[in-house]
Structures are given as structure tokens and as C-alpha cells.
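The values are calculated or read from the model by the stated rules, or taken from the named source; none is laboratory data. This one's a predicted model, so the numbers in the text were calculated from it and none came from an experiment. All accessible areas refer to the heavy atoms of the entire protein, side chains included, with ligands and DNA or RNA removed. Shrake-Rupley method; radii C 1.70, N 1.55, O 1.52, S 1.80 Å.
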Amino acid sequence: LLELCLRMARCAALCVVALAALGCAAAFTTPSVFSPARLTSARLGRAVSARAPRTAALRMEEAAPAAEERTVKAPVFDEVCEQTGITLTRYMMEVARANPDLRDLESLIGGISLACKTIANLVDRATITGMVGYEDGGSINVQGEEQKKLDVVTNDVLKRALKFTGKVGVIASEEEDNPVFNKDAYKVPGGEGKYKDVLADIGSKYVTVFDPLDGSSNVDANIPTGTIFGVYEEQESMENCLMEEGAVEGQCLLNTLQPGSSLAAAGYCLYSSSCMFVFTLGAGLNGFTYDRSIGEFVLTHPNMKIPKRGKIYSFNEANRWDWDKPLQEYVTALQTAQGQTGVQYSSRYIGSMVGDVHRTLLYGGIFGYPADTKNKDGKLRLLYEAAPMSFLMEQGGGLSLTGKTRIMDLKPQKVHQRVPFLAGSYDDVMEMRSYYDACDDPEIIKRCLARLEGSAASE
């Protein structure tokens, strides 16, 4: 009898271990239920009891694998607060608990989300506070564009928020001429600075790139705007640059000029009728809506998936006759129901990348800022606009190309390099590409090869 009891106890223990292992081994994705409202146990039809064991807890469904395999374990939500839902703060805490090597990303995403809340408030009150119009004195950024007042302020807000996390070694922005080295992130025991006596591991350091206020020219007209960001891991530590001042600029560029396929995280924050924070860690796409009553982003769009096909195209058609011939033919086919679906598409265009991409992710179709005769490499910046948005598109099941080339494969040759951007539903983008594949225009072929050769030469 004693031996039988011992065998039963061993069996029960093995079952517990197996169930725990299954919980830890789940791939990092998002909850399987899509709801525009807060995700709570009540709104999930109470299918999950708040007091249920972890093995019966709210799980994540399988998400599309990242371009490069990332082994990120799933956060498990065995209880959901009826009043707050799943907040971004809790979401990242659970990610860090399941993945101790991502603890530094928890701090970084927290800093970015705080900056986005601040920017949302600045945009909301811009006409009241006088934060509209151009910067006094006619300030011009490195792009040759006249800066709006909010361009300058939001850039400073994001830079400081990232700096204060202590996890970001290099910062690159649309509003900065060159990448900015954050030496405070590398304070070491026995060195200089306020933490010189702290005996602690320096931890991971990241390179963060961003456009602080995409569509800022629209602020005065109350049209949606947004923040775009991307996060890379350091290729080489910047720590030694503290002793070798001359090495800082070159090392900053080495760490910054990475292809989209190397992104560790990316996202955007949309400032519109509601404020939404959409991001990925490389294994699924999640959307959080800002609840001002509690000051938190709340998970409202788990496991976002773009439809395989849409019925909307989104381009600035004023430039139509300056586009590449293949794109002109493709859009004409959409307008006349001569495309692969035989359906006539509708046109929707905001003129703010974050707004147009967000709509495309939800409804499907294709959005683009293509090359034209005036801008043969397009106008969107590869590093901090096209690459992060391409990462998001692919994580949602879509695709992002320059016309023929996958944007995620392109390694920037300079910080503010521009590329054409055509992204959206997978089938729609592949149909568009078929027009480019059939094109034998030597000028178009030459441009495509130049981008690829530039990426290969830099490796």
C-alpha cells in the first residue's frame, strides 16, 4: 500500500511538472479572443475563472513566426482585473517574468509609453497652449524641412524618456543630424557620475530610433498624427567609447545602421479620436488603447492580423503621373475592377503614415508612399519609418516592399536614407509586385539593384 501511494505521488508530481513546462514553452503571442473592448474574464464569456489554476489560464494562440526566430515565452494572465483589463505595464511585467533576458526591454517600453502619453497630452492641448505653427526663428532639420513647434518639443520628450531608462546607449531621430550617444547608460562601478559606487551589472543596452511626431504638419488641422519607434540590440558595446572619444561617432553609426530584420521591437502610437499604442517584440502584434481615467494603455486589440485581401488603396494620387509605370498600371486595375479579384477598390488617404498604416492593418488593402520622378527613392526614411512599420506589417501577416524588394532586408547606408514604401495585405502587395516583376524598365531595375548592392556591400 505504501509503495502504491508513493507511485501515485510521483505520478502527480510529474503531471504538475509537465503542465508547468507546457505553460512555459508556449510561443509568445497574443490572446486568442479579439475584442474592441477591454479584455477581461467577464468579456471573455467567463470561460476562464479568475481563480483557475495556471494550466487553465488565459493563453496565447500561435502567432506568425518572426522573420528571424525569436524564442520569447508567453505571458500568462490567470487573473484579469475587471476595472483595468490587461494594462501595458502588466503585460510587460509578465513578459519579463517569463523571459528574464527581456527585463531591460520592460524598462525601455515603459519609457516610450510614458513619452507617448506626454505627447498625446501635448497634441490634445496644442491649440490651447499655442503649441501650433512653426518653431520661432525658422528652425530647419537635417531633412531640410521647417520644424513645427511640436517637432522640437516631442523630440526632446522622447530623448529624455529614453535616456532616463538607463537602457538606451544610442538614440537616432528624424530631428537629429546624427545618432546621439547616451554616455549615462554606461556608468560603471568606480567611474564617474551619480552611480559610480553602485556595484551592479550594466545590463543590456539598446539602440532606439524614432520619428517623434509623424504627420506634424497636420496638427494645426486636427488630423491624426503619431510616433514611430524601433529598437535594436547593440552590435558592439559602446562602453569603451567612454575612454576613446574619437570612437564614439563611428561606433554610434555601426550600432545604428542595422537592417529591419535585426529589430528587437517596434511600434507606433496613434494620436487620434483615441490614443493607441501598437507594438511587437517579434512574435505577434498587439494594440493597447489609452484609458485616461487610469493613466494606462489597456490591451484592446490582441493578436492583430491584417486581412489577406482588402478593398482599399491609399496613395497620394496627385503624384500619380510621376509614379513608376508598373504602379500606375496596378492602381488603374484596382480602380476599374481589372485586378486579380475583379473588385473595384475604394480610395482612402490621410497623409499621415501612422493613421494610414493603422487603418490598413485593421481593414486590409495597400498603402504606399512610392518613388516618383521627383523623389526616385521615395520620401520615407528607412531606419525609423519604413523598417519599423515593415516589421509591424509582417508581424500582422502582411508584407512591405519598395516595389520588388523586401524592406526588412535593406541595411541603411546612412541615418536618413529614404526608400519607397508599399505595404499592406499580403495578397494585395504581391499583386502589386507582379506588375514590377513584369516590368523591364532599365531605370527601375537599376534602382532596385543599387539598394540591394548597397545592403550587401555594408555587411
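At 1.4 Å probe size, with the rest of the protein present, what percent of the exposed accessible area of the range 349-397 is carbon and sulfur atoms?
It is 48 percent, rounded to a whole number.
Just to verify a number: what accessible area does Phe164 come out at with the full protein assembly present, 1.4 Å probe, Å² rounded to tens?
The accessible area of Phe164 comes to roughly 150 Å².
Hey, can you grab everything whose amide H is under 5 Å from the amide H of Thr84? Only 5+ residues off in sequence or another chain; H modelled, so Pro and N-termini drop out.
Excluding prolines and chain starts, which carry no amide H, there are no hits.
Between Gln335 and Ala438, 0.36 nm times their residue separation minus their Cα-Cα distance comes to what? Walk me through the intermediate numbers first.
Numbers: separation 103, 0.36 × 103 = 37.08 nm, distance 2.00 nm.
Extending this stretch completely gives an extra 35.1 nm.
Report, in listed order, any pair from Lys379/Lys404; Lys148/Lys379; Lys379/Lys446; Lys311/Lys374; Lys167/Lys414 with a Cα-Cα distance greater than 20 Å.
Table pairs above 20 Å Cα-Cα are Lys311/Lys374; Lys167/Lys414.
Straight-line reach from Lys163: which lysines fall under 18 Å, measuring Cα to Cα and dropping same-chain residues less than 8 apart?
Cα-Cα hits under 18 Å: Lys117, Lys183, Lys187, Lys194, Lys196, Lys205.
Determine the order of Asp124, Asp291, Asp101 by accessible area, beginning with the largest, at a probe radius of 1.4 Å.
Largest to smallest exposure gives the sequence Asp101, Asp124, Asp291.
For the range 273-285, just list the computed ³J(HN,Hα) in residue order, Karplus coefficients 6.51, -1.76 and 1.60, θ = phi - 60°, integers in Hz, with x standing in for Gly and Pro.
Calculated HN-Hα couplings, in order: 4, 9, 9, 10, 10, 10, 8, 9, 9, x, 8, x, 10 Hz.
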